[in-house]
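We did not get these values from a lab; they are worked out from the coordinates using the rules stated. Keep in mind the model is a prediction, meaning the values are calculated, not measured. Here the Cβ is made from the backbone with ideal geometry for all residues, glycine too, and neighbour counts use every protein chain on show.
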Amino acid sequence: SRLRMRINTVFRAALFLGTCAVPCSATDWYVAPGGGGAGTIAAPFARIQDALNVAQPGDHVVVAPGNYTEAVTTVRAGTPQSPITLRGRDPRGSAIVTTAGRVLTVNHAYVTVQALVLDGQFGPDDVVRVAGGATGLTLRNVEVRSTSREPSGRGAVM
């Protein structure tokens, strides 16, 4: 009957929307100096910002060792159960994100940053800016250094 067909269609649409609204599995997006690909391990992005632009809740942006001269900014929030993670692939000190002034701006909730060095080159701004909507931010094994805002200029490890 028509009613049964409509109910079946509505049920299928609800089931589809329910399964697609939440990521089924996390994606690892890779970044490496000299990259220029689509963010896979075999063809990594060259810029961290490119990976952050595509990362969804639960995804990891994996940064290979090297120097990255850029400022990075979050573009979307993670969730409490599925934060967006920006992390160095190797121990802290092997991946350095640097620019004169602000290196990292976090405007969104549930972001984790770990195993990176954020170097402000003694520029005229704070190295890290955390906006009011950035609840649930986790900094783990992150070194913030070379800021003109810190009296010693040495920075801190978080």
Using modelled backbone amide H atoms (1.01 Å from N, in-plane), which distant-in-sequence or interchain residues come within less than 5 Å of T98's amide H? Y68, T69, E70, D119
Expressed in Å to one decimal, the Kirkwood Rh of the stretch 23-100 from all distinct alpha-carbon pairs is 12.5 Å
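Could you give me D for the stretch 46-143, from Stokes-Einstein at 37 °C and 0.692 mPa s, where the hydrodynamic radius is the Kirkwood radius over C-alpha pairs? Units µm² s⁻¹, please. Don't skip to the answer; put the middle values down first.
Working: Rh = 13.1 Å.
Estimated diffusion coefficient is 251 µm²/s.
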For 81-89, 65-73, 131-139, ranked highest to lowest by mean beta-carbon neighbours within 10 Å, the order is 81-89, 65-73, 131-139
